[in-house]
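The structure appears right after this line, and notes come after that.
Bear in mind that the values in this text are calculations on the coordinates, not laboratory data. Every value quoted in this text rests on a predicted model; they were computed, and no experiment measured them. Cβ placement follows ideal geometry from the backbone for every residue including glycine, while neighbour counts extend to all protein chains displayed.
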Amino acid sequence: MRTATIAILVATTISPAFAGPPYVTDDPTPTPYQHWEIYAFGNGSKSRGGSGGAAGLDFNYGAGENLQLSMTLPIGYDNPTDGGSSVSLGNIELAAKYRFLHQDSDGWDVSVFPRVFLPAGLAKVGERHASLLLPVWIGKSWSDWSTFGGGGCVLNRGGGSKNFCVASWAVTRQVLRDLQLGVEIYHRSADEIGGRESTGASVGASYDLDDNWHVLASLGPGVQNAQETNRYSWYAALGLTF
């Protein structure tokens, strides 16, 4: 299902301030040097054509002072209204986030975060061809607030697919010592021949159980072509950072 595929494409990168998941929007801050962030996640969406999503693991490692390496291993599911359900290994993701501007010296953090999606052999869920996301993310924090966003385009040619672009922006606030809340809006152009563009919004929360364990979740409706692309979508994860 396309909406579930896009949710996997754009929303699986974790950063230490919990931008990225639970949001579709990512932020420019890499995982701290020589630290890990590992997340067990689930996501899903529903449209007139059915429902779909994924569950899996995100691995993020701070390989340098401004460099994060990431890998996502999802199990995807697709439950169309006009056919049988499918569950299989989804598209494997490999990515590298590099921050080249810093808020302290340049006013904003800015990063590039190229991400490649590799088809998983005979998988029944996800694209049957490789694709590449080329985004730029920017962000700024002050007091208990942060704002971040950006976007890019996906090289996604193959079968009935076509290249498309994504853009999003989020604002978060640390409302309690262990609780952060936020809102976002995101947009993507059509990713298949004859498809429709879509826009959605969500509210998100992250709660620190302790210094190492964290719970994240978001939920929101589609606001453009929602019946065809995304009536609503959700995300939940349990994270371990060390």
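Magnitude of the charge dipole for the chain, about its Cα centre and with charges confined to Cβ atoms of Lys, Arg (+1) and Asp, Glu (-1), is about 800 debye.
Which of (1) -0.35, -0.64, -0.86, -1.19; (2) -0.35, -0.59, -0.78, -1.11; (3) -0.27, -0.51, -0.73, -1.13 is the computed log10 I(q)/I(0) by the Debye sum over Cα atoms at q = 0.08, 0.11, 0.13, 0.16 Å⁻¹ for the structure on display? Matching the structure shown: (3).
Structure remark: mean-square fluctuation, Gaussian network model of the chain, C-alpha springs under 10 Å; the largest value among 62, 152, 160 belongs to 160.
Over the C-alpha atoms of the range 126-173, the Rg to Rh ratio, Rh being the Kirkwood estimate, stands at 1.19. Would you kindly state the longest site-free stretch of the chain, with sites defined as GluC sites (Glu not before Pro) in a DSSP loop (not H, G, I, E, B) surrounded by at most 16 other Cβ atoms within 10 Å? Longest gap between qualifying sites, sites excluded: 66-196. Legend: calculated FRET efficiency, residue 171 to residue 82, from the Cβ-Cβ distance at R0 = 35 Å, rounded to 0.05, equals 0.35. Separation of the range 77-100 from the range 156-191 is 16 Å, based on Cα centroids.
Applying a DSSP loop filter and a limit of 12 other Cβ atoms within 10 Å to the trypsin sites (Lys or Arg not before Pro) in the range 167-217 leaves 177.
In percent, rounded to a whole number, the relative contact order of the range 81-207 is 15, using alpha-carbon pairs under 8 Å and six or more apart. Stretching the chain fully between residue 231 and residue 183 yields a gain of 15.5 nm (0.36 nm per residue, less the alpha carbon separation).
As a length-normalised measure over Cα pairs under 8 Å and 6 or more apart, the relative contact order of the chain settles at 18 percent. Net length available on complete extension from residue 128 to residue 224 is 31.9 nm, with 0.36 nm assigned per residue and the Cα-Cα distance removed. Relative contact order of the range 17-154: 19 percent, from C-alpha pairs under 8 Å at least 6 residues apart in sequence. The length gained on full extension between residue 155 and residue 67, counted as 0.36 nm times the residue separation minus their Cα-Cα distance, comes to 29.4 nm.
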